[in-house]
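> Sharing a structure with you now.
The values are calculated or read from the model by the stated rules, or taken from the named source; none is laboratory data. Quick caveat, the model's predicted, so the values are computed rather than measured. Neighbour counts are summed over all protein chains in view; Cβ atoms, including those assigned to glycine, are modelled from backbone coordinates with ideal geometry. Note: accessible area is taken over every heavy atom of the protein model, side chains too, but ligands, DNA and RNA are not part of it. Shrake-Rupley method; radii C 1.70, N 1.55, O 1.52, S 1.80 Å.
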Amino acid sequence: MPEPDESKIKDTIVSARKSFYEEAEQVHVSYFDFIYDQTRYIRKRWWGLQFMLLLFTGMFVRGADSWAAQRLLGIAAPLFVIMAIPELWKNRSSDSMEIEGAAYFSIRQIYAARMLIFGVVDSLLLGIFSAVLSLTARVMAGEILIQFFLPMIVTCCICFRTLCSRCITSEYAACFLSLLWIAVWIQVILNGRIYQAVSVPVWRVICGTAVLYLTYAVKRVMRECGSGLEIMA
């Protein structure tokens, strides 16, 4: 069997790259079209489940006392985030990183588009949920911030931190850690002395700190997913 000529292999690679870029220049796809295409790839049932979760949570909170409402909101918030994990992890769970890495749009752009889409849709759902809860259940905005958004933001931190982890490669691990956080948060709520000892301004500082860490985790996902496929393995 003749040995392959390395120089000809390099020439073939150069020719293939040239053909790829020439073809790419002829296809003008705007970023908005790309985001629309990514929306089509997302399975809409997760948004439906998120909507149903918020709907049933709001219905139960309206007829529950304040202590039961705290537990319901504390459980619903992490579950709301967990429902987005399958779509955000789809690249890794389906072993499509190498294929998508060779596409016209990079892995970083794919992750950015999906996070943007989920951010817009989830913000709309949460905005409606908060407004309806404040008007119908008479829940104050500060209570919603502490009882719902704080555990939700911490769950987001867990999910994005595991997404860019080199050791954790399974979406089930992210779900397990999120469920573990639910148990911890419920224990904080059940222990009235701990919950009442922390004032509202301190809770807001904790929530702000969680937002800052979430921003760092998202930036790390964007940085590492584009720096090489071996990092995400």
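> Across the stretch 70-101, which residue is modelled with the highest pLDDT among those that are within 19 Å of Gln50 (Cβ to Cβ) and of a type in the set (D, E, K, R)?
Among those residues, the one meeting the criterion is Glu87.
> Now for a separate question. Can you pull out the residues in the stretch 125-169 that are closer than 19 Å to Met59 by Cα and among the β-branched types (Val, Ile, Thr)?
Residues satisfying the conditions are Ile128, Val132, Thr136, Val139, Ile144.
> Restricting to the stretch 223-233, name every residue that is more than 17 Å from Ile85 (Cβ to Cβ), at pLDDT 50 or above and open to solvent by less than 40 Å² (accessible area, probe 1.4 Å).
Within the stretch 223-233, Glu224 is the sole residue that qualifies.
> Of everything in the stretch 115-158 that's hydroxyl-bearing (Ser, Thr, Tyr) and modelled with pLDDT of 90 or more, which residue is nearest to the chain's Cα centre (by Cα)?
Per the criteria, the residue is Thr155.
> A further question follows. With the requirement that a residue be at pLDDT 85 or above, open to solvent by 80 Å² or more (accessible area, probe 1.4 Å) and part of a helix (DSSP H, G or I), what does the stretch 28-48 give you?
Arg45
> Contact list please: Cβ distance under 6 Å, first residue in the stretch 204-216 and more than 10 Å from Cys157 (Cα to Cα), second residue in a helix (DSSP H, G or I), pairs at least six apart or on different chains.
Cys207/Leu150
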